[in-house]
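Enquirer: Just dropping this structure here.
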Amino acid sequence: MVVSGVQETVVKAALEYDRTKELKAFDETKAGVKGLVDDGLVKIPKIFVRPAEELAKELNCRPAEVQLPIIDIGGIQELDRRKEIVNEVRIAAAKWGFFQVVEHGIPLTVLEEMIDGVRLFHEQDLEAKKEFYSRDSARSVRLYTNYDLFKSRTANWRDTLVISVSASGTLDPNEFPAICR
């Protein structure tokens, strides 16, 4: 079999590609996906490119009709209703892992301000966000790209800001990014 110059180049590049090295270099920038975009990225890094055969499988699959669970927590103070709500949460958490809560009493303005705070956080200068970039799950507030960055076959094109009470057991608003308070 005769191998052309182009084929040889492609084979050589595939053999020399070091995914772990690329992942570490990306993670160490603490810039995330938004940092790549802000830096004027013109080609998506290989760590984010899904294999063609994986994409082909999805193209041949018919998407299922999806109805996410919506849990109305109105009337939660009533014992019988509370039991129903707890059961709905249990089922939704077991089957889906998440659900939407309605009738929670949180004003729409508060929800909109929360979303604005997260958006503004991500739009900040890189230096302001680097303080929060971490893979340490013990931190209550952290920014990262893909929780499974070093384990997944392909990195997802997303950055995540986590504010977790479970890490420390308490929630200190002074730990929050100032723009999110």
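Enquirer: Restricting attention to region 20-54, which residues are in a helix (DSSP H, G or I) and farther than 18 Å from THR160 by Cβ? Spell out the reasoning first.
Expert: Step one: list which residues in region 20-54 are in a helix (DSSP H, G or I), which gives 20-29, 32-38, 46-48, 52-54.
Once the filter is applied, which keeps residues that are in a helix (DSSP H, G or I) and farther than 18 Å from THR160 by Cβ, region 20-54 yields THR20, LYS21, GLU22, LYS24, ALA25, LYS46, ALA52, GLU53, GLU54.
Enquirer: Considering each of THR160, THR145, THR170, THR109 in turn, give the residue that is of a type in the set (Val, Ile, Thr) and touching a residue at least 40 places away in the same chain (Cβ under 8 Å).
Expert: Working: THR160 fails: touching a residue at least 40 places away in the same chain (Cβ under 8 Å); THR170 fails: touching a residue at least 40 places away in the same chain (Cβ under 8 Å); THR109 fails: touching a residue at least 40 places away in the same chain (Cβ under 8 Å).
After ruling out the rest, the residue left standing is THR145.
Enquirer: If you scan region 46-73, which residues turn out to be surrounded by 14 or more Cβ atoms within 10 Å (Cβ to Cβ) and free of Cβ contacts under 8 Å to residues at least 40 places away in the same chain?
Expert: Applying the first criterion (surrounded by 14 or more Cβ atoms within 10 Å (Cβ to Cβ)) to region 46-73 yields 47-48, 69, 71-73.
Matches in region 46-73: PRO69, ILE71, ASP72, ILE73.
Bear in mind that the values in this text are calculations on the coordinates, not laboratory data. None of the values given here were measured: they were computed from a predicted structure. All Cβ positions, even for glycine, are placed from backbone atoms using ideal geometry, and neighbour counts span all protein chains on display.
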